[in-house]
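The structure appears below as structure tokens.
The values are calculated or read from the model by the stated rules, or taken from the named source; none is laboratory data. The shown structure was predicted, so the numbers you read here are calculated from the model rather than taken from an experiment. For neighbour counting, all protein chains shown are included, and Cβ atoms are generated from backbone atoms with ideal geometry for every residue, glycine included.
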4 protein chains.
Amino acid sequence: MIKVGIVGASGYTGEELARLILSHPEVELTVATSRQFAGRKISEVFPNLRGLADIVLEDAGPEEIIGRADLVFTAVPHQTAMDIVPKFLAAGCKVVDLSADFRINDAGVYEKWYQAHSAPEYLAQAVYGLPELYRDKIKKTSLVANPGCYPTSIILGAAPLIKAGLIDAATIIADSKSGTSGAGRAAQVGSLFCEVADGFRAYKVGEHRHTPEIEQELSILADREVTISFTPHLLPISRGILSTVYAKLRDGVDSAKVASTYEEFYRHEKFVRLCPVGTYPATQYVRGSNFCDIGFKVDPRTSRVVILSAIDNLVKGAAGQALQNMNLICGFAEDLGLNAVPLFP
Amino acid sequence: MIKVGIVGASGYTGEELARLILSHPEVELTVATSRQFAGRKISEVFPNLRGLADIVLEDAGPEEIIGRADLVFTAVPHQTAMDIVPKFLAAGCKVVDLSADFRINDAGVYEKWYQAHSAPEYLAQAVYGLPELYRDKIKKTSLVANPGCYPTSIILGAAPLIKAGLIDAATIIADSKSGTSGAGRAAQVGSLFCEVADGFRAYKVGEHRHTPEIEQELSILADREVTISFTPHLLPISRGILSTVYAKLRDGVDSAKVASTYEEFYRHEKFVRLCPVGTYPATQYVRGSNFCDIGFKVDPRTSRVVILSAIDNLVKGAAGQALQNMNLICGFAEDLGLNAVPLFP
Amino acid sequence: MIKVGIVGASGYTGEELARLILSHPEVELTVATSRQFAGRKISEVFPNLRGLADIVLEDAGPEEIIGRADLVFTAVPHQTAMDIVPKFLAAGCKVVDLSADFRINDAGVYEKWYQAHSAPEYLAQAVYGLPELYRDKIKKTSLVANPGCYPTSIILGAAPLIKAGLIDAATIIADSKSGTSGAGRAAQVGSLFCEVADGFRAYKVGEHRHTPEIEQELSILADREVTISFTPHLLPISRGILSTVYAKLRDGVDSAKVASTYEEFYRHEKFVRLCPVGTYPATQYVRGSNFCDIGFKVDPRTSRVVILSAIDNLVKGAAGQALQNMNLICGFAEDLGLNAVPLFP
Amino acid sequence: MIKVGIVGASGYTGEELARLILSHPEVELTVATSRQFAGRKISEVFPNLRGLADIVLEDAGPEEIIGRADLVFTAVPHQTAMDIVPKFLAAGCKVVDLSADFRINDAGVYEKWYQAHSAPEYLAQAVYGLPELYRDKIKKTSLVANPGCYPTSIILGAAPLIKAGLIDAATIIADSKSGTSGAGRAAQVGSLFCEVADGFRAYKVGEHRHTPEIEQELSILADREVTISFTPHLLPISRGILSTVYAKLRDGVDSAKVASTYEEFYRHEKFVRLCPVGTYPATQYVRGSNFCDIGFKVDPRTSRVVILSAIDNLVKGAAGQALQNMNLICGFAEDLGLNAVPLFP
């Protein structure tokens, strides 16, 4: 039984961490922080946890947490994370950071898309927490940079084909659609029910901060610098991301080759499910689970492949993947506590 | 490890049974039937089960199932159930019937609201499967009549106050609202997305077939004949029922008395959660779980109590309660396999 | 062509007023205020109005508005309205007030449910703006207190039966369900998409401030003091209220009598549509229109009538009714500019 | 006042035609057909029309319609349309056909994507009913092939840039998302509320029958053969399409050039609204209206332009555009009866 803490437990990601930890047999939640709701039980803030989680939220900094948790999940905004993560690490506390602060290897790139980095010396030791790509490194690190939700869906979808050289990495376009929980629990007009329901829109077209993260990982896979078009859209659903990724196929690559490449790449992956050829994933089929469902279509008319990749943004796109990383760090079975069957309908 | 079968596995209730069985450590699904989808894997019909459940659906009658399952869940329409349940029982197979066929003790009442009963001799041995009221009887029976979704929410909400004589049973009004999964997976215009979304309506006002079932149980609790007004409504959500129940309070009954009565009644119940006074349940806080959340308001202006009761209609209102009954019949811990934390948001 | 102003144009009610005014042939919007968005075009705040309404929002008080509008709609919170309405009236400007400040005839009752009233001397001259009940008075007044959304649906549903003495007014229970636009456009967690979507809940049970307004009008109709149970619920839809109203029928009242009473009462009403017996209204059938659809069920088992009443809370429940009142005050045809056909699906 | 008929009035498109005709001052609906609902009033099938449209649906063929309507809207499936349209034309009746049967100029292409064409001799006289491109031809024709919903959004979005030669037509990718009304009112499992709500998926990837229609029109605009990638997705909303279109920009084309090209192209178009640079359209801002809202983003990192185009699929994508075409054919003002302000929220 290890002790874990959640820094930032009053957002949807924090709540999902708490929810998943309740079903994990080897983990105990010993501290959970929230500035806004300090002094209140987490089940008052999230009544779905009523009777299940009685921990009282605290307005606590690293100093007050260190010693009470073996591992902390930092579910705070970028910039806040880079200030507190080094303190946890210095005290021997492992960290799975759910912010963007340690995802970008290059401090210059980070600065260009976010702002100056206050702890660039930690970038080298941080491991990008996509277990399907970096399992061995994650097992040995003390600092996991948990991937963004959009990047998780896009990278898992495109990785096998890029790695195998089946597509022209210069032609990648990722058209992604996310549920509204991705916007967090902050009270803002743009996230109100009446603004989102029965509607659909794109936002931050070509400017979303997940772009450099996606490009970094695709570049590593392609072994060359990759620039992509990435357009996020807001779906009137709570949970789920579907990414539709387009790329030109190399000459002679057919559907069978693509299928076998995916099968080979994900043969041993518990959380990636491949859709039979001719069928496609849907966000409602991964709801509440840590699965990433992937399908594809080879279109001979255009010599393009269209990749469809679906995750629950709060699970595989955030808290579930964070627990998967924790399992690796702690030496637990990778899927321990993560076997919830997708909730449909 | 017991072997179970699902008769009628291609509806939402059947799928939910399959989903819950996957998380139950002592149960194995050995047979699942569907006329429409015979020959196809259940995961083709419900892709959320992809990679998790590979059982092939069969167009099988009782004869072909007997011997392959220790217990069967009959998730078929009323009238169909009464034809097949006796065959299972005769063969020594336990049955949890999710239809209405064995819920009404009085064959005359059944005939009035449904049609003539072909197996009235089984009504006496069938136990109404609301564990919070009939736990001991359920443990000893071979035939559980799993309660309807609306009745579960209304009876659990009203039982403590009726039993304690705090309300005038002649004044009960139940205004219930259900998610659309309650209408099943049949292809009908009234259940189409465009007919239901962004809308709300009542249906079968004063005529819904769950009425006699509710009245039967409330009458037993009141020890007198109870007639209620019951109005079902259709919510633009997939899962969840909220029932708002009104009744006149007996003289001198105050909020504290009501609260202590609930606490006393449900003190040992794992699946009933009482909301702190001043707060109310919501369907989104029980989603995917076997909980029934109950809150109330004593209104001195009108001398009425308003009871709010929320369940997930597919879990506590159907498949979850069926597994809870199975657990009781089989001598498992009552909550085995039923500890999913509600999924929010 | 008359000139009108909207005080408080950045909420959903303000926007709906602006939207409806665009389709009204005899009205010109000359001033629209918003503190938060002053200096911006209304079409920047509500892009659905792009290219149609170019008015720039102002942070303007009554002094700056007087002289520029013949009639103002005050779509501001209660308490704010009572401060500004007298100034408009004093300057000869007609007012349709959409707040609660002038709806309650008795300042003592108002104070009990809201707070002290700063302009009680105007209560006597204010006319409750439900044209179906007060058409003649509205035509002659300078101050209309536009009804609340819940009261509109409940009063229109119950009025004919109360007025005709067919029901026992002491037994009325109103169970209402409202779309989320009723909560306004304020950025608050409880109105976020993820908190409301795929969910349902009651709120302010027995304590909602529309209660005294409903009771006042039902009391006038019954010619005796009426106290009701009123429970509002929050629907995961943007627009629409459905009220389900229960009452005991007087001896001997049957379905035919109820039907003919409704028909008689609403024979000449353009905005009330009666559902054929056996059918019920739905919010999606009045969406975007000024209709109130009413249906009922006489239940001989319980001697109760169940009344179903549906409106679009932003139209007949707010802005549409405000324009209907304006039409009466200004001598236009009552339905001028209000003939939009409900938008379905 | 002209007389019009709707062939196929029980689907969502048929209903929308009836709804819009009600607000059109120069048109009278004299006949409406439905096999399934023959003998019933249209307002029984679509209760939103209660009290507004009393026409009785008939199971009538062309022979029974001819002479009773000056113009018919054929809102029937493809293949059915090609059988009846020639009969109307032969009788001197004008036709706006909302099926796909007369959209494809080349019978061979039609046969490849649909099936053999039984009336290819009419393809040459049919005019593709996109008024923004073919206004003059439409005015003179007797047969308008009303465009598909996806094509309308994509073609209007891309036309100015293709026509001006600003993009490489060989690089066009159209990622489109449609509300569920696009799937029609047929009772099928895939359109059920529980299958669609809180979910998102792609379908018919690279195989949707609107592909050749889009390619035909883009080819004409580009004056060369254009092949595109087109991926439709199903949104959990009732109305609305948003298309996200990607293309490589010609060297030296910047945001200002793109903006001025759009402004020039759509300068006189009443139903196309351009979003200010930096803002994007949303389906909820065109709901219920005949507008097509267009925005774009020039991304210098990738030398691509991303075009966002939003319509209400039932209005500009079907019935509204059909009335727009009717207005042109009949010599009415092009926007007569089509000035509804978008309904938001």
### Message
For segment A:203-238: of the residues being within 17 Å of D:Gln284 (Cβ to Cβ) and aliphatic (A, V, I, L, M), which is farthest from the other protein chains (Cβ to nearest Cβ)?
### Response
A:Leu234
### Criterion: in contact with a strand residue (DSSP E or B) (Cβ under 8 Å, 6 or more places away or on another chain) and either among the hydroxyl-bearing types (Ser, Thr, Tyr) or buried (at least 21 other Cβ atoms within 10 Å of the Cβ) (or both) - qualifying residue of D:Leu49, D:Leu89, D:Leu57, D:Leu130
D:Leu57
### Query
A:Ile329 is checked against (1) of a type in the set (A, V, I, L, M); (2) buried (at least 24 other Cβ atoms within 10 Å of the Cβ); (3) more than 10 Å from every other protein chain (Cβ to nearest Cβ) and fails just one. What number does that condition carry?
(2)
### Task
Within segment D:267-277, identify whether any single residue is surrounded by fewer than 17 Cβ atoms within 10 Å (Cβ to Cβ), of a type in the set (D, E, K, R) and over 20 Å from D:Ala100 (Cβ atoms), and answer yes or no.
yes
### A:Gly295 out of contact with any helix residue (DSSP H, G or I) (no Cβ under 8 Å at 6 or more places or on another chain) and buried (at least 24 other Cβ atoms within 10 Å of the Cβ)
yes
### Query
Quick one: how many residues across segment D:133-163 are crowded, with 23+ Cβ neighbours inside 10 Å and among the polar types (S, T, N, Q)?
3
#### Entry: Long-range neighbours under 6 Å by Cβ, at least six apart or interchain, first residue free of Cβ contacts under 8 Å to residues at least 24 places away in the same chain within segment A:35-57, second part of a loop (DSSP other than H, G, I, E, B)
A:Ala38/A:Leu57; A:Ala38/A:Asp59; A:Arg40/A:Leu57; A:Lys41/A:Asp54; A:Ser43/A:Arg50; A:Ser43/A:Ala53
### Query
Which is outside the structural domain of A:Val253 (by TED's automatic domain parsing) and under 29 Å from A:Arg304 (Cβ atoms), of A:Leu89, A:Leu98, A:Leu130, A:Leu143?
A:Leu130
### Summary
If we keep only residues of segment D:173-193 that are within 13 Å of chain A (Cβ to nearest Cβ) and hydrophobic (A, V, I, L, M, F, W, C), then the residue farthest from D:Val306 (Cα to Cα) is D:Val189
### Task
Could you please find all residues in segment C:13-31 being surrounded by fewer than 21 Cβ atoms within 10 Å (Cβ to Cβ) and closer than 20 Å to C:Arg239 by Cβ?
C:Leu22, C:Ser23, C:His24
### Task
Of the conditions (1) more than 14 Å from chain A (Cβ to nearest Cβ); (2) under 30 Å from A:Phe271 (Cα atoms), B:Lys87 clears all except one; give me its number.
(2)
### Query
Out of all the residues in segment D:67-91, which are part of a loop (DSSP other than H, G, I, E, B) and more than 20 Å from D:Leu29 (Cβ to Cβ)?
D:Pro77, D:His78, D:Gln79
### Message
Name the single residue that is surrounded by the fewest Cβ atoms within 10 Å (Cβ to Cβ) among those in segment B:113-127 being among the hydrophobic types (A, V, I, L, M, F, W, C) and free of Cβ contacts under 8 Å to residues at least 40 places away in the same chain.
### Response
B:Ala124
### Task
Pull up segment B:252-277, narrow it to residues that are among the aromatic types (Phe, Trp, Tyr) and part of a helix (DSSP H, G or I), then point me to the one that is nearest to the other protein chains (Cβ to nearest Cβ).
B:Tyr266
### Message
With the structure loaded, tell me whether A:Phe200 is facing chain D (nearest Cβ under 8 Å) and either in contact with a His (Cβ under 8 Å, 6 or more places away or on another chain) or of a type in the set (Asp, Glu) (or both) or whether it fails that test.
### Response
yes
### Task
Test D:Arg50 against the criterion of being within 14 Å of chain C (Cβ to nearest Cβ), touching an Asp or Glu at 6+ places or on another chain (Cβ under 8 Å) and of a type in the set (Lys, Arg), and give yes or no.
yes
### Failed condition for D:Ser10, given (1) crowded, with 20+ Cβ neighbours inside 10 Å; (2) of a type outside the set (A, V, I, L, M, F, W, C); (3) within 30 Å of D:Glu225 (Cα to Cα)
(3)
### Query
Within segment B:83-93, how many residues turn out to be touching a residue at least 40 places away in the same chain (Cβ under 8 Å) and within 18 Å of B:Thr13 (Cβ to Cβ)?
2
### Query
Looking at this structure, is B:Tyr280 buried (at least 22 other Cβ atoms within 10 Å of the Cβ), part of a strand (DSSP E or B) and modelled with pLDDT of 95 or more?
no
### Query
Mind checking which residues of segment A:299-313 are more than 7 Å from chain D (Cβ to nearest Cβ), part of a strand (DSSP E or B) and farther than 15 Å from A:Leu274 by Cα?
A:Val305
